[in-house]
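In what follows, a single structure is set out as structure tokens and then discussed.
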Amino acid sequence: MTLGEMTLGEMTLGEMTLKGQIQEDVKTAMRARDQKRLTALRLITSAIKQIEVDQRIEVDDQIVLGVLDKMVKQRRESLEQYQAAGRDDLAAQEQYELDLLAPYLPEALSDAEVADLIKQAVAETGASSIRDMGAVMNKLRGEVQGRADMKAVSSAVKAQLSA
């Protein structure tokens with residue numbers, strides 16, 4: 001039986017798409033009347049639906065990971081700002097949403113793993129200068145999206161190509 005032939009009740013977590021898992025979690029939060037969790041999950045589904053409508057596509061796990069990665073980045077930035085401003089109530093909400101997003105993201109890469117992937121991408125693309133950075137980043141994006149801070153990866157690639 002293939003994934004397309006299965007019903008949701010027959011799927012296991014490993015076979016379900018990220019979008020499908022998020023939708024199931026929305027239903028679970030609704031049944032449990034967990035309004036705080038439901039509101040946060042609906043923010044995720046709204047962001048996914050926005051991409052589907054704007055681009056007229058059915059999102060896959062890679063696109064959902066990009067959405068989640070962007071949401072995590074926004075939450076981290078907001079969390080820092082709220083903590084600096086002494087707004088503990090808003091900081092707690094951002095932390096809650098960060099904690100809610102974490103299970104949907106793949107395991108983070110270590111700095112050594114990122115460095116190895118950068119070396120491999122530079123070798124595979126034949127990059128020799130900073131002008132080749134775009135090609136290296138495009139090669140890396142699929143492997144590190146959602147698993148590493150893209151800003152840090154970009155800085156590391158720039159440092160490697162400048163050396």
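The values are calculated or read from the model by the stated rules, or taken from the named source; none is laboratory data. Here the structure is a predicted model, which is why all the values come from computation and not from measurement. Here the Cβ is made from the backbone with ideal geometry for all residues, glycine too, and neighbour counts use every protein chain on show.
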(message) If I filter region 113-120 for residues that are outside the structural domain of L68 (by TED's automatic domain parsing), within 23 Å of E77 (Cα to Cα) and acidic (D, E), do I get at least one hit?
(response) no
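Conditions tested, residue by residue: (1) surrounded by fewer than 17 Cβ atoms within 10 Å (Cβ to Cβ); (2) assigned to a helix (DSSP H, G or I); (3) modelled with pLDDT under 95.
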position	(1), (2), (3)
Q81	yes, yes, no
A92	yes, yes, no
L100	no, yes, no
A108	yes, no, yes
I118	no, yes, yes
E124	yes, yes, yes
V136	no, yes, yes
K139	no, yes, yes
G142	yes, yes, yes
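Out of all the residues in region 150-163, which are closer than 30 Å to A102 by Cα and buried (at least 17 other Cβ atoms within 10 Å of the Cβ)?
Going residue by residue through region 150-163, those that are closer than 30 Å to A102 by Cα are 150-160.
Once the filter is applied, which keeps residues that are closer than 30 Å to A102 by Cα and buried (at least 17 other Cβ atoms within 10 Å of the Cβ), region 150-163 yields M150, V153, A156, V157, Q160.
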(message) Residues that are touching a Pro at 6+ places or on another chain (Cβ under 7 Å), part of a loop (DSSP other than H, G, I, E, B) and within 30 Å of Q23 (Cα to Cα): does region 145-159 have at least one?
(response) yes
(message) Checking the structure you have, find out if any residue of region 78-97 is of a type in the set (F, W, Y) and within 18 Å of the chain's Cα centre (by Cα).
(response) yes
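So in region 16-28, with the set limited to residues that are more than 16 Å from L65 (Cα to Cα) and within 21 Å of the chain's Cα centre (by Cα), which one is surrounded by the fewest Cβ atoms within 10 Å (Cβ to Cβ)? Give the steps one after another, and end with the answer.
Going residue by residue through region 16-28, those that are more than 16 Å from L65 (Cα to Cα) are 24-28.
From the residues that got through so far, the ones that are within 21 Å of the chain's Cα centre (by Cα) too are 24-26.
Values: E24: 14, D25: 19, V26: 17.
Taking the candidates together, the pick is E24.
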